[in-house]
Amino acid sequence: MSLEAQSITKEYKRKGKKSSFFALKNTDLVLADGELTVLKGRSGSGKSTLLNIFAGLSKPTSGKILLDGTDIYSLGDGPLSVLRNTLIGVIPQEHFAIHTLSVLQNVCLPSVLFHKDGDVESRGFELLKLLGISELAGSSPSELSGGELRRMSAARALINNPRVILADEPTGDLDDENTELIFELLRKKACEGASVLVVTHENDAEKYADRSLKIQNGTLEYIPF
Ligand SMILES: Nc1ncnc2c1ncn2[C@@H]1O[C@H](COP(=O)(O)OP(=O)(O)OP(=O)(O)O)[C@@H](O)[C@H]1O
Ligand SMILES: [Mg+2]
């Protein structure tokens, strides 16, 4: 399964400004099976904009996101939502949690909503264990630290064993040991066949990557390493 950005442009109108602003300019990028791509760039360069467009969360101004040849933005809200929750796993930059649900219920939500088979709770618990926070399974997300919430998000992104994983600064609030844990897990998922895109500022992220890209003012560059 390949996910391909073709000539993606994203134009924003900023409040109080007459002229519009291009956060992404004619971007082409293929995320292939089994490949981990690292995406770096300064704050405001367009990293999250690109990741959210790949995730089906933000429609580009022009261009296409092709999943096995189908433009995901040509799908209706229903099919796009199913696709987002089953084939694509997103670790968002901003913390997101439903506070009336426990940590484990938050992790299992994409699976419960989209009727994936198997024992969802034990799968969710195993992921929490892998990420070192299984003792917090019954806690409320409001009781978690930033790094614990980030690991909860990672578990939620992986619950449906997605073919595409999009991680937006997944280690921003983690210590070295947990940073390594997350990168090793993402690398393992790529080795098992997933297409993985990681937005990161980590210096040694390339160690886990098949390729590294840089984005500058909405334009992608490939960095050899
Ligand atoms: N909804 C929006 N309306 C207007 N401008 C926006 C909007 N979202 C993002 N932008 C602008 O688009 C540019 C790219 O934003 P983006 O969030 O992609 O940056 P980023 O590379 O992820 O930065 P960071 O490292 O700080 O997360 C920024 O200059 C931002 O101000
Ligand atoms: Mg960002």
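The values are calculated or read from the model by the stated rules, or taken from the named source; none is laboratory data. What you are looking at is a predicted structure, and each value in this text was computed from that prediction instead of being measured. Methodologically, a virtual Cβ is constructed for each residue, glycine included, from the backbone with ideal geometry; neighbour enumeration extends over all protein chains shown.
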In the stretch 158-193, anything within 16 Å of ligand 2 (Cβ to nearest atom) and either at pLDDT 95 or above or in contact with a strand residue (DSSP E or B) (Cβ under 8 Å, 6 or more places away or on another chain) (or both) is listed as L166, A167, D168, E169, P170, T171
Can you find a residue that is more than 20 Å from the chain's Cα centre (by Cα), charged (D, E, K, R) and near ligand 1 (Cβ under 10 Å from one of its atoms) anywhere in the stretch 15-29?
yes
May I ask you to list the residues in the stretch 34-74 that are touching a residue at least 60 places away in the same chain (Cβ under 8 Å), surrounded by 15 or more Cβ atoms within 10 Å (Cβ to Cβ), over 13 Å from the mean Cα position of the chain (by Cα) and not in a strand (DSSP E or B)?
E35, G41, S45, G46
Condition (residue is within 16 Å of ligand 2 (Cβ to nearest atom), of a type in the set (G, A, S) and part of a helix (DSSP H, G or I)) applied to the stretch 133-146: is it met by at least one residue?
yes
Can you name every residue in the stretch 38-59 that is within 16 Å of ligand 2 (Cβ to nearest atom) and under 26 Å from P79 (Cβ atoms)?
S48, T49, L50, L51, N52, I53, F54, A55, L57, S58
Residues that are surrounded by 21 or more Cβ atoms within 10 Å (Cβ to Cβ) and away from ligand 1 (no atom under 13 Å from the Cβ), at least 1 per element: which strands (runs of 3 or more DSSP E) completely within the stretch 182-225 meet that?
195-199
Taking the residues in the stretch 1-14 that are over 18 Å from the mean Cα position of the chain (by Cα) and not in a strand (DSSP E or B) as candidates, determine which candidate is modelled with the highest pLDDT.
K13
Just to be sure, is G138 farther than 17 Å from V107 by Cα, modelled with pLDDT of 95 or more and surrounded by fewer than 15 Cβ atoms within 10 Å (Cβ to Cβ)?
no
Going through the stretch 83-119 in order, the residues found to be exposed (fewer than 11 other Cβ atoms within 10 Å of the Cβ), of a type outside the set (S, T, N, Q) and more than 16 Å from ligand 2 (Cβ to nearest atom) are H99, H115, D117, G118, D119
Taking the criterion of being polar (S, T, N, Q) and within 16 Å of ligand 2 (Cβ to nearest atom), would at least one residue in the stretch 67-82 satisfy it?
no
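Residue-by-condition table, conditions (1) within 12 Å of N161 (Cα to Cα); (2) within 16 Å of ligand 1 (Cβ to nearest atom):
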site	(1), (2)
I88	yes, no
Q93	no, yes
F96	no, yes
L101	no, no
Q105	no, no
L109	no, no
F114	no, no
E121	no, no
G124	yes, no
